[in-house]
Amino acid sequence: MIPVTKDFIRIQELSQYEGKEVTLQGWVQNRRDSKGIVFLILRDGSGFLQCVALQEKIGDTAFEEAKRLSLESSIRLKGLVKKDEKQIGGFELEVNSLEIFENAEEYPIGKKEHGVDFLMDHRHLWLRSKRQWAIMRIRNTVIFAIHEFFQQNGFVEMDAPIFTGNACEGTSTLFETDFFEEPAYLSQSGQLYGEAMAMAMGKIYTFGPTFRAEKSKTRRHLSEFWMIEPEMAFYDLDMTMDVIEEFIRFVVQRVLDKNKFELEVLERDVTKLEVVTQKFPRISYHDAVAMIKGEKDVNGKNSILTLQDDLIQTQERILAIGKEIEERELAIKTPGMKKGQITFNEEKIRQLKVEVKDLEEAERNIPQWIASAQNFVYGNDFGGSDETVLTRLFETPIMVYNWPKAIKAFYMKEADDAPGFVRGVDVLAPEGYGEIVGGGQRETDIQILIDAIHHHELPMEAFEWYLDLRRFGSVPHSGFGLGLERIICWVCKLPHVREAIPFPRMMGRLLP
RNA sequence: UCCUCAGUAGCUCAGUUGGUUAGAGCAUCUGACUGUUAAUCAGAGGGUCCCUGGUUCAAGUCCAGGCUGGGGAGCCA
């Protein structure tokens, strides 16, 4: 292995070195060669850069080595920084010398597309690819922005324990572990501890991993995910909704400011994010149900009609694609067609087939969603499809508040002006992403809480400490929980939350 | 747990009504090309058709059971 040097720069600093000789270190993301010339795409974690190695410049030996570099080989380059508008980042390196840390073995992730399962098995390497790099950079911005927002607004970060003695809210299935021969569960929420800490600090937020053992296999579930849970003393639901709205706006704005290139890599339509500057509609559960069932239109849009329209468009698109595939397959067979054109058509056909698979899935799902929306029973919780149906009617995130008491956690405060409903709020992200935040105002009256614990058949002794919070200076207070991967998923428009976390943990996925 | 889709080369996939020796692109190797952007072009090597059993003269293809994975429902952030 070649010795280290302190004297090197990173690709993101390149603009300061135009016309100068620099040393760069990184990995070969791609290589193309022609007679006497090799193009290397170098990535060093901070960016991507095309490096040009000319035989006449670096000599025959180095040139032969450059030609033989395998993908993901680790190298050090010295060269001249030149401006080149055609390149990503606007620069190019004219290589003067090449040193090799390691010529990599054959890299398993190829330049063409791969299936999800293969990529997940190679997650440790997949993270190097441009798209995953962009997502992780945005994740970093989101995390930093979260801290920035709360720190600027007088919150103290204080974390809840991960081992807990009992199943807190009694609803979800938890992971059981052995804690010195005593059963312990991995935390599904830091909420109750958050309340205790808010009574000490006024405003706090927790930021940590959360665990759910539900056997969910959908694009919005992980067994282990990161959650941010602010809790605020002397805040009611309306004040909390103000905080949530300001908070989400801040985080998304930060990504728009700091991750232009990354969003471009992801081909994200940023106008869909820029709408966060608008006011988020606040809708009561009562009105939301009417919208889902199609009894109430929103800005001239009706949920059921929108879905039926979607179904027709989906079916039309499937037919159109089927026709196009046929035409292209026929075209390939036409004699005299050039090899390049054949390859182009074959690739196009492959892409179209992938699209058809997704469309066919939608074709199967939409009728179920229509039925589910039409038959929605007032008083039930929203299912995934109900959220999709509802959020499709809006451009911005929406806040649904005042939920039926029966479907929410025992500590939620009943609304004074709406008996039977609690002051809870769910924030639903647009473009079908659904719930990213859940929160609300907490019950302050000890007797109501005791009754609720009995009613939910929860073990009273486990909540004694929690009830103390109502014995010693109970105050109105509220909080919420934000799913980190869920908001990243929406911001990046990812097909699955598994891409929003470096090493996802889900059913059947413990490695890598 | 239920519904649904899939499993063929290292990867992504094609394989017609069951019919000769199972194909393509990428990747790998050899060669060509001084400006490529998933470069291109010529050639070569590469197979437990998920498993078990059944039907048949004949199974990648049909039938039954199982395994693994994707998506959805439930539950949730």
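The values are calculated or read from the model by the stated rules, or taken from the named source; none is laboratory data. The model shown is predicted, which means the values in this text are computed figures rather than measured ones. For neighbour counting, all protein chains shown are included, and Cβ atoms are generated from backbone atoms with ideal geometry for every residue, glycine included.
What the table below lists for this structure:
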quantity	calculated
Residue match in segment A:52-67 (condition: within 27 Å of A:Ile135 (Cβ to Cβ) and either assigned to a helix (DSSP H, G or I) or not charged (D, E, K, R) (or both))	no
From A:Ala184, A:Ala145, residue being more than 15 Å from RNA strand B (Cβ to nearest atom), among the small types (Gly, Ala, Ser), more than 30 Å from A:His114 (Cβ to Cβ) and under 22 Å from the mean Cα position of the chain (by Cα)	A:Ala145
Every pair of residues 6+ apart whose Cβ atoms lie under 7 Å, when the first sits in segment A:51-72 and is closer than 27 Å to A:Ile109 by Cβ while the second is among the aromatic types (Phe, Trp, Tyr) and more than 10 Å from RNA strand B (Cβ to nearest atom)	A:Ala53/A:Phe63; A:Glu72/A:Trp27
Residues that are without any contact (Cβ under 8 Å) to a residue 24 or more places away in the chain and either more than 6 Å from RNA strand B (Cβ to nearest atom) or touching a helix residue (DSSP H, G or I) at 6+ places or on another chain (Cβ under 7 Å) (or both), drawn from segment A:91-118	A:Pro108, A:Ile109
Any hit, segment A:204-212, residues being more than 7 Å from RNA strand B (Cβ to nearest atom), in a loop (DSSP other than H, G, I, E, B) and in contact (Cβ under 8 Å) with a residue 12 or more places away in the chain	no
Check on A:Arg392, over 30 Å from A:Ala462 (Cα atoms) and more than 25 Å from the chain's Cα centre (by Cα)	no
Residues of segment A:447-489 satisfying the condition of being surrounded by fewer than 16 Cβ atoms within 10 Å (Cβ to Cβ) and within 16 Å of RNA strand B (Cβ to nearest atom)	A:His455, A:His456, A:Glu457
Positions within segment A:423-447 being of a type in the set (A, V, I, L, M, F, W, C), over 17 Å from A:Glu231 (Cβ atoms) and in contact with a Gly (Cβ under 8 Å, 6 or more places away or on another chain), in sequence order	A:Leu428, A:Ile436
Boolean, A:Gly165 is out of contact with any Lys or Arg (no Cβ under 9 Å at 6 or more places or on another chain) and either at pLDDT 90 or above or not hydroxyl-bearing (Ser, Thr, Tyr) (or both)	yes
